[in-house]
1. Which of (1) touching a residue at least 40 places away in the same chain (Cβ under 8 Å); (2) surrounded by fewer than 19 Cβ atoms within 10 Å (Cβ to Cβ); (3) more than 30 Å from Arg108 (Cβ to Cβ); (4) in contact with a Gly (Cβ under 8 Å, 6 or more places away or on another chain) is the odd one out, the single condition Arg84 does not satisfy?
2. List the residue pairs whose Cβ atoms are under 8 Å apart, where the first residue sits in the range 90-111 and is among the aliphatic types (A, V, I, L, M), the second is outside any helix (DSSP H, G or I) and at pLDDT 95 or above, and the two are 6 or more positions apart or on different chains.
3. Residue under question is Ala111, and the condition is that it be aliphatic (A, V, I, L, M) and modelled with pLDDT under 95; does it hold?
4. Hey, can you tell me all the residues within the range 28-56 that are more than 15 Å from the chain's Cα centre (by Cα) and modelled with pLDDT of 95 or more?
5. Tell me the helices (runs of 4 or more DSSP H) entirely within the range 1-106 that contain at least 1 residues that are of a type in the set (Lys, Arg).
6. Can you find even one residue in the range 61-77 that is of a type in the set (Phe, Trp, Tyr), touching a helix residue (DSSP H, G or I) at 6+ places or on another chain (Cβ under 6 Å) and closer than 14 Å to Gly13 by Cα?
7. Across the range 26-55, what is the total count of residues that are under 20 Å from Gly85 (Cβ atoms) and without any contact (Cβ under 8 Å) to a residue 24 or more places away in the chain?
8. Restricting attention to the range 79-111, which residues are of a type outside the set (A, V, I, L, M, F, W, C) and either more than 20 Å from the chain's Cα centre (by Cα) or within 18 Å of Ala50 (Cα to Cα) (or both)?
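The values are calculated or read from the model by the stated rules, or taken from the named source; none is laboratory data. Just so it is clear, the model here is predicted, and its values are computed rather than measured. In this analysis, Cβ positions are derived from the backbone assuming ideal geometry, glycine residues included, and neighbour counts consider all displayed protein chains.
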Amino acid sequence: MTGLLVALGAGVGSAIRLLVGGALDRRTPWGTLAVNLAGSLLLGALVGAAVDGQWMALLGIGFCGGLTTYSAFAVQTVHAGWARGSTYVVMTVGGCLLMATLGHLLTRTLA
């Protein structure tokens, strides 16, 4: 059952990533940045809320795993060139760490 929940969550997350990327990714990959930031926030919130079991399989592993993308981030960074790519790396890595921390803190504070 857990594998099916992961697959279901990943299918929904991947479809959303495709739509957001298609709508926002141009010269600057704003769509990929947006889904990576949103996925980090959500995963941080799930961990902060101590979600586990089937809900973590569906939302954390499946949905967040399907929504976020390291491979597109890596390719887009290379294609951006050194200066723009470096900026994109700092925005993505720093932003994702910040969002995960924020999500974790928000759920811990509200609980």
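1. Only one criterion in (1) touching a residue at least 40 places away in the same chain (Cβ under 8 Å); (2) surrounded by fewer than 19 Cβ atoms within 10 Å (Cβ to Cβ); (3) more than 30 Å from Arg108 (Cβ to Cβ); (4) in contact with a Gly (Cβ under 8 Å, 6 or more places away or on another chain) is unmet by Arg84, namely (4).
2. Ala111/Ala49
3. yes
4. Gly48, Ala49, Ala50, Val51, Asp52, Gly53, Gln54, Trp55
5. Here the list reads 2-24.
6. Among the residues of the range 61-77, at least one is of a type in the set (Phe, Trp, Tyr), touching a helix residue (DSSP H, G or I) at 6+ places or on another chain (Cβ under 6 Å) and closer than 14 Å to Gly13 by Cα, which makes the answer yes.
7. 5
8. His79, Gly81, Arg84, Thr101, Gly103, His104, Thr107, Arg108, Thr109
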